[in-house]
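Take a look at the structure below.
The values are calculated or read from the model by the stated rules, or taken from the named source; none is laboratory data. Quick caveat: nothing in here was measured; it's all calculated off a predicted structure. Don't worry about glycine lacking a Cβ; one is built from the backbone with ideal geometry, like all the others, and counts go over all protein chains shown.
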Amino acid sequence: MQITLAHIGARTQRTGAKAAFETLTALYVERIQPYHPASTQLFRTEEELLTWFTRQHARSPATLALADSRGRTFSSEQFAAWLGARRDSGAQHLVCAIGPPDGWSEAARSHAQLQLSFGAITMAHELARLVAAEQLYRACTILAGHPYHGGH
């Protein structure tokens, strides 16, 4: 199953803390590679992301998970079970997306199979991308029985 970590944002030069978040996010996306092909994708607008998403077809439609404060909260084990269920049901492409600053539109939420909340706190989009990348990696290791998670 292909995993794409997508986000809405401007194409700007990353410096300082933003560059550090970018580096750490790339590290976790790279760590996913032994389990699933993984990549990141930047979109300028929500509309651009949705247009791209609707073109992602293989034998089955892509699965869209939106990071949204109004979404469901999962433990790491529950998120891994959700990811494993998608994989085991034959999903070929999972798109996990971090949205625009004002949140997702109803149109975007209607495309999503999951609205995932990282909790009631508000965090910078760069941090949300890092959290999503790490949790995707953690889910992969949980499913593979790798000791990274450790259950703590």
Restricting segment 95-109 to residues that are within 17 Å of the chain's Cα centre (by Cα) and of a type in the set (G, A, S), the residue that is surrounded by the fewest Cβ atoms within 10 Å (Cβ to Cβ): G103
Please identify the pairs in which a residue from segment 133-152 that is at negative phi has its Cβ atom under 6 Å from the Cβ atom of a residue that is part of a helix (DSSP H, G or I) and charged (D, E, K, R), counting only partners at least 6 apart or on another chain. Y137/R31; H149/R138
Filter segment 36-94 down to residues that are free of Cβ contacts under 8 Å to residues at least 60 places away in the same chain, of a type in the set (G, A, S) and within 13 Å of A112 (Cα to Cα) and give me whichever is surrounded by the most Cβ atoms within 10 Å (Cβ to Cβ). A65
Has segment 111-124 got at least one residue that is in contact with an Asp or Glu (Cβ under 8 Å, 6 or more places away or on another chain) and more than 23 Å from S60 (Cβ to Cβ)? yes
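Mind checking whether some residue in segment 100-123 is among the charged types (D, E, K, R) and free of Cβ contacts under 8 Å to residues at least 40 places away in the same chain?
The answer is yes, given that some residue of segment 100-123 is among the charged types (D, E, K, R) and free of Cβ contacts under 8 Å to residues at least 40 places away in the same chain.
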Has segment 130-149 got any residue that is more than 14 Å from the chain's Cα centre (by Cα), surrounded by fewer than 20 Cβ atoms within 10 Å (Cβ to Cβ), at pLDDT below 95 and of a type in the set (A, V, I, L, M)? no
Among the listed residues G71, G90, which satisfies the condition of being on the phi > 0 side of the Ramachandran plot and at pLDDT 90 or above? G90
For segment 30-60, which positions are modelled with pLDDT under 95, of a type outside the set (A, V, I, L, M) and within 13 Å of M1 (Cβ to Cβ)? Q56, R59, S60
Between a residue in segment 1-24 that is of a type in the set (S, T, N, Q) and at pLDDT 80 or above and any residue that is part of a helix (DSSP H, G or I) and buried (at least 19 other Cβ atoms within 10 Å of the Cβ), which pairs come within a Cβ distance under 6 Å, given they are 6 or more apart or on different chains? none
